[in-house]
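The values are calculated or read from the model by the stated rules, or taken from the named source; none is laboratory data. Computed from a predicted model, the values in this text were never measured in an experiment. Virtual Cβ from ideal backbone geometry, glycine too; neighbours counted across all protein chains shown.
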Amino acid sequence: MLVLGIETSCDETAVGIVEDRFTLRANVIASQVELHAPYGGVVPEVAARAHLEALLPTIDHALVEAGCGLSDMDAIAVTSGPGLIGALLVGVSAAKGLALAHDKPLIGVNHLRAHVEVAQLEFGELQPPLAALVVSGGHTSIVALEKVGSGGESGDDGRFRQLGATIDDAAGEAFDKIARFIGLGYPGGPEIDRLARQGDPKAIDFPRAMLHEPGYDMSLSGLKTAVIRYLRRLEAAGTEPDLADVAASFQEAIVDVQVVKTLRAARDEGLERVVLAGGVAANTRLRARFAEACEREGLGLVVPSIPLCTDNGAMVAASGANLLAAGTLADLELGVDPNLPLAG
Amino acid sequence: MLILGIETSTGQSSVALVGTDGVVASASLGVARRHGEFVAPAVQFCLRQAGVGADRVTGVTVGLGPGLYTGLRVGIATAQAFAAARDLPVVGMSGLDVLAFQVRHVRRLIAAVIDARRGELFWALYRAVPGGVQRQTDLRVGTAEQLAAELEATGEECLVIGDGLSRATHELDRVGIETFAAVPDAAHLAELARPRFEREETQRPADLLPIYLRHADAKIGWEARGRMQGGAAT
Ligand SMILES: Nc1ncnc2c1ncn2[C@@H]1O[C@H](COP(=O)(O)OP(=O)(O)OP(=O)(O)O)[C@@H](O)[C@H]1O
Ligand SMILES: [Mg+2]
């Protein structure tokens, strides 16, 4: 069973091909990072234009990589939300064109669920009960997956139960905004990750909001404001900040919150392992701290390799394959939902 | 020959299947502007009405704009993916050319106009020639005043055809120019494209690009990305 997955929700045009739910056959990404870099963030109209130009060549490239043709596919899967509406529409429209041309089933994929389900390509079937932390450019939430299997008749929907989420900024957004403020390139996450390696994570005691409050919600906008205020204070005093220390301390504060909240959720809810998902799961410090903490608490840890953490087409194909197995197909009227939630 | 036409550059989308003897099937959607959900089911509807499968289509033509950016991308992405998947030749055409073609029997100077939003219009001027129309100018974007001034400066009698003319009624009335409300539609598009397929003046699907005529709005989408579970806009 072969599924082709198309991802155009944000700033990567990506196509993946997955065989029998677990085997990656192709994963091709045309990144737009350079187009958005001058603006320091993703510009929706620029993204939509670039997706349209990149999509056909990316599909071709993926088919060549997998050594197969469109007519070999059993379904065409595409991210239908959440994401930028104009960007999503390019992928969904193209997917419909492909599905129409070869009379193949169409599958609408939830981008966030795909971030989690991509782990099956490297670790096999996800083993519930588990907690997944989805940390990305637009989202930061902790969900539970308790049931085995893929949802059957009712489809996959509702597999994930929401435990907590940021009440303001997403972690990736905080990384990007702070990076922009201190003059690092875009996207900011990898830049801060790199710079932080030369800094002291304990140098500055930035706030960890809601850390000790019960529940699994978190707040990251106060942290962002605190970093900006700290830098302005130094500037006013004519002191050069040690940016590596700032980066390391800021990153540590974010990571602390993620680790504490996720492990608390896993412990309280009796979940046996943790899955890290989304672009920020590429963060070196986050990965290291989770490894340490899960080991200490006797929890399993599932962390996809870095190229499968940031946006990619393989994740859409993997999630699409699960939906196909569960019989959850879309029709040609499939719409896009910029605000599609991870858990219902 | 069976040509699939898709036109989504204005508030009214349409899809048509055109054979050697004319329109075989067509579907159109009014001003609701849900292109995203309309186009693919409409293609399926036309194929079913014609009683043929996708494998019988021999070419795809699509409106390249100028017009509504999102709509254009929906039409072009669908058209080019369909064509690429079936290895079909494509022909991309401006909706302005299609509009002018719709009044090709008029002996006056023709101005084809499409709403550009933000208080502006897209337009180009045409003249009837044997077998169709010929574009006389570049594609332009500007205000209704600018359009009226350009037409007045020609010193000729003109007919203005297009969409979004309510925006320009006042200015055009003032200089005494007749207007005719219309949108480019897929059946006319396919008819106009048919000789190009016959002469094999076609393109490859990946060559199709919208005619934007304006630079992208350089506004970062923090708000658009700030979504339910994380990412309140700041
Ligand atoms: N090494 C890293 N450290 C920290 N953040 C990182 C790292 N690598 C990438 N990121 C961040 O990950 C985010 C991109 O992740 P992803 O591609 O999943 O987001 P998205 O698809 O734009 O958003 P969403 O998945 O919420 O729709 C960016 O904010 C980027 O800065
Ligand atoms: Mg993502």
Residue that is modelled with the lowest pLDDT, among those in segment A:26-42 that are surrounded by fewer than 20 Cβ atoms within 10 Å (Cβ to Cβ) and assigned to a strand (DSSP E or B): A:S31
Helices (runs of 4 or more DSSP H) lying entirely in segment A:72-147 (those with 2 or more residues that are within 16 Å of ligand 2 (Cβ to nearest atom), within 19 Å of the chain's Cα centre (by Cα) and buried (at least 24 other Cβ atoms within 10 Å of the Cβ)): A:85-102, A:111-117
From the options B:T137, B:T61, residue that is surrounded by fewer than 19 Cβ atoms within 10 Å (Cβ to Cβ) and either more than 14 Å from chain A (Cβ to nearest Cβ) or touching a helix residue (DSSP H, G or I) at 6+ places or on another chain (Cβ under 7 Å) (or both): B:T137
Filtered residues of segment B:1-17 (kept if buried (at least 19 other Cβ atoms within 10 Å of the Cβ), of a type outside the set (S, T, Y) and within 24 Å of A:K104 (Cα to Cα)): B:I3, B:L4, B:G5, B:I6, B:E7, B:V15, B:A16, B:L17
The listed residue being more than 14 Å from every other protein chain (Cβ to nearest Cβ) and over 25 Å from A:P190 (Cβ atoms), out of A:E125, A:E117: A:E125
Flag if B:P184 is assigned to a loop (DSSP other than H, G, I, E, B), away from chain A (no Cβ under 14 Å) and at pLDDT 95 or above: yes
Qualifying positions in segment A:1-25 - more than 16 Å from ligand 2 (Cβ to nearest atom) and either surrounded by fewer than 24 Cβ atoms within 10 Å (Cβ to Cβ) or not hydrophobic (A, V, I, L, M, F, W, C) (or both): A:M1, A:L2, A:E19, A:D20, A:R21, A:F22, A:T23, A:L24, A:R25
Checking B:A148 against (1) outside any loop (DSSP other than H, G, I, E, B); (2) assigned by TED's automatic domain parsing to the domain that holds B:G71, the condition it does not meet: (2)
Selected residue (only one of A:R180, A:R194 is more than 10 Å from chain B (Cβ to nearest Cβ) and of a type outside the set (G, A, S)): A:R194
Any pair with Cβ under 6 angstrom, 6 or more apart, that starts in segment A:60-86 at a residue that is more than 20 Å from A:P105 (Cα to Cα) and ends at one that is assigned to a strand (DSSP E or B) and hydrophobic (A, V, I, L, M, F, W, C): A:H61/A:V28; A:E65/A:A26
Residue match in segment A:43-58 (condition: within 14 Å of chain B (Cβ to nearest Cβ), farther than 21 Å from A:E122 by Cα and in a strand (DSSP E or B)): no
Qualifying residue in segment A:37-56 (condition: farther than 30 Å from A:A170 by Cα, in contact (Cβ under 8 Å) with a residue 40 or more places away in the chain and more than 16 Å from ligand 1 (Cβ to nearest atom)): no
Selection from segment A:275-305 of residues that are of a type in the set (D, E, K, R) and within 13 Å of ligand 1 (Cβ to nearest atom): A:R285, A:R287, A:R289
Residues satisfying the stated conditions in segment A:1-33, i.e. away from ligand 1 (no atom under 15 Å from the Cβ) and either of a type in the set (D, E, K, R) or within 14 Å of another protein chain (Cβ to nearest Cβ) (or both): A:L4, A:V15, A:E19, A:D20, A:R21, A:R25
Test: residue in segment B:86-93 that is part of a strand (DSSP E or B), in contact (Cβ under 8 Å) with a residue 60 or more places away in the chain and β-branched (V, I, T): yes
Any hit, segment A:228-249, residues being within 14 Å of chain B (Cβ to nearest Cβ), more than 16 Å from ligand 2 (Cβ to nearest atom) and surrounded by fewer than 19 Cβ atoms within 10 Å (Cβ to Cβ): yes
Test: B:V106 is away from every other protein chain (no Cβ under 13 Å), touching a Leu at 6+ places or on another chain (Cβ under 6 Å) and in a loop (DSSP other than H, G, I, E, B): yes
Number of the exception - B:L159 against (1) more than 25 Å from B:R194 (Cα to Cα); (2) part of a helix (DSSP H, G or I): (2)
Segment A:164-179: number of residues that are more than 15 Å from A:D11 (Cβ to Cβ) and not small (G, A, S): 6
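The rows are residues; the columns are (1) farther than 15 Å from B:G67 by Cβ; (2) of a type outside the set (V, I, T); (3) in contact (Cβ under 8 Å) with a residue 12 or more places away in the chain.
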{"site": "B:L139", "(1), (2), (3)": "no, yes, yes"}
{"site": "B:L165", "(1), (2), (3)": "no, yes, yes"}
{"site": "B:I177", "(1), (2), (3)": "yes, no, yes"}
{"site": "B:V183", "(1), (2), (3)": "no, no, yes"}
Residues being buried (at least 19 other Cβ atoms within 10 Å of the Cβ) and either outside any helix (DSSP H, G or I) or within 16 Å of ligand 1 (Cβ to nearest atom) (or both) - total across segment A:318-331: 4
Set B:E191, B:E200: member being touching a residue at least 40 places away in the same chain (Cβ under 8 Å) and on the phi > 0 side of the Ramachandran plot: B:E200
Test result for B:T78, among the hydroxyl-bearing types (S, T, Y), surrounded by fewer than 21 Cβ atoms within 10 Å (Cβ to Cβ) and in a helix (DSSP H, G or I): no
